[in-house]
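The values are calculated or read from the model by the stated rules, or taken from the named source; none is laboratory data. Just so we're clear, the structure is a prediction, and the values are computed from it rather than from any experiment. Backbone-built Cβ (ideal geometry, glycine too); neighbour counts: all protein chains shown. For accessibility, only protein heavy atoms count, side chains too; no ligands or nucleic acids. Shrake-Rupley method; radii C 1.70, N 1.55, O 1.52, S 1.80 Å.
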Amino acid sequence: MSRIVYVNGTYLPEEEATVSIFDRGFLMADGVYEVTSVLDGKLIDFAGHAARLDRSLRELDMDSPVTTEELLEIHRRLVAENAIDEGLVYLQITRGNPGDRDFAFPEPGTTAPTIVLFTQAKPGLADSPAAKKGIRVISIPDVRWGRRDIKTVQLLYPSLGKMMAKKAGADDAWMVEDGFVTEGTSNNAYIVKGSRIITRQLGNEILHGITRAAILRFAREAQMEVEERPFTVDEAREADEAFITSASAFVMPVVEIDGQVLRDGTPGPVARRLRELYLDEMLKAAV
Ligand code: PMP
């Protein structure tokens, strides 16, 4: 079934949606994005995604073509028009089409940003079979650029990382820099030791996950101990539990790291509890 998508102020069938070949998102990966999940037809943590989008745009000196209120309205209309009960809304804003290819940014005020949104239906997103089984990860070097805190559309290396994982018979890859895990290809990474949750501190080295912020808040509210510091793959292989978080996976248990099985190869209690807490709390607050 054809989707209704949004491009630069217009709602139209996906087959009719186009962006210029000169768009800097296409030519230079000069764009940012957000992915917001939908449960029960409602947006999960829209405010968090909107705030991070603003920050990404600001860091790249890029204008937003819409206000946060307009953005919420566009999200809601796409969810309604495409009858999304469980799924995702993808949003991308680029520096637009200056009419030619040039490394230098267009002069301020001369080029309208491009904005595109579309939905992805994902029935069973919350009740995911993978969450019951857990996933397997491998470690790979992190060779991405130094501003991973900006959510840009430069996703070639994360995409290669997923393919490396697939080839190795795993589900995802954790990236390692200077001996320490940075994050997963499209998620933040955590280990659990006893009842302590350990995850890398915020900085330019990782994306500031919206799900990460919520999970750490819920964990602290539930009197769970949280330690924000780097950890090595060896430490992870010896951990009691591991998991990842993202807007599309929520909390996903990790049961194997570089071939080392954690626990008995099944999701641990901390990851399971955090997933439940997250889904309960975020559904209550969904818009
Ligand atoms: N790190 C990276 C590299 C990601 O791509 C993502 C998901 N886009 C995340 C972390 C998780 O962020 P969020 O919880 O906001 O989806």
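A compact table of results
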item	result
Helix-only CD estimate at 222 nm, as mean residue ellipticity for the chain, using -39500 (n - 2.57) per DSSP H run (n ≥ 4)	-8500 deg cm²/dmol
Percent breakdown of C-alpha pair distances by 10 Å bin, ordered from the shortest bin, for the range 43-84	26, 49, 21, 3
Calculated SAXS-style log₁₀ I(q)/I(0) at q = 0.21, 0.28, 0.35 Å⁻¹ - the range 126-167, Debye, Cα scatterers	-0.84, -0.98, -1.20
Label-point gap, in nm, between E73 and V261 - each point 7 angstrom along Cα→Cβ	5.6 nm
Q223 versus A285: modelled label distance in nm, points set 7 Å from Cα along the beta carbon direction	2.2 nm
Label-point separation, R101 to L160 (7 Å along Cα→Cβ), nm	2.0 nm
Dipole moment magnitude, nearest 20 debye, the chain about Cα centre, only Lys, Arg, Asp, Glu C-beta charged	520 debye
Percent RCO, i.e. relative contact order, over the chain, from Cα pairs under 8 Å lying at least 6 residues apart	19 percent
For the range 157-226, diffusion coefficient by Stokes-Einstein and Kirkwood Rh (Cα), 4 °C, 1.567 mPa s, µm²/s	98 µm²/s
Of all accessible heavy-atom area on the range 129-285, the percent that carbon and sulfur account for (1.4 Å)	52 percent
Distance histogram for the range 4-121 (every C-alpha pair counted, 10 angstrom bins, percent rounded to whole numbers)	14, 45, 32, 9, 1
Kirkwood-based Rg to Rh ratio, the chain, C-alpha trace	0.97
Whole-number accessible area per residue in Å² for the chain, which is evaluated in the context of all protein chains at 1.4 Å	48 Å²
Three-way shape call for the range 129-285 based on the alpha-carbon gyration tensor, with the a/c threshold at 1.5	rounded
Percentage relative contact order, the range 1-144, counting C-alpha pairs under 8 Å, at least six apart	31 percent
Residue-span extension gain [E238 to D85] - 0.36 nm each, minus C-alpha spacing	51.2 nm
Nearest-10 value in Å² for the accessible area of K284, using the 1.4 Å probe	150 Å²
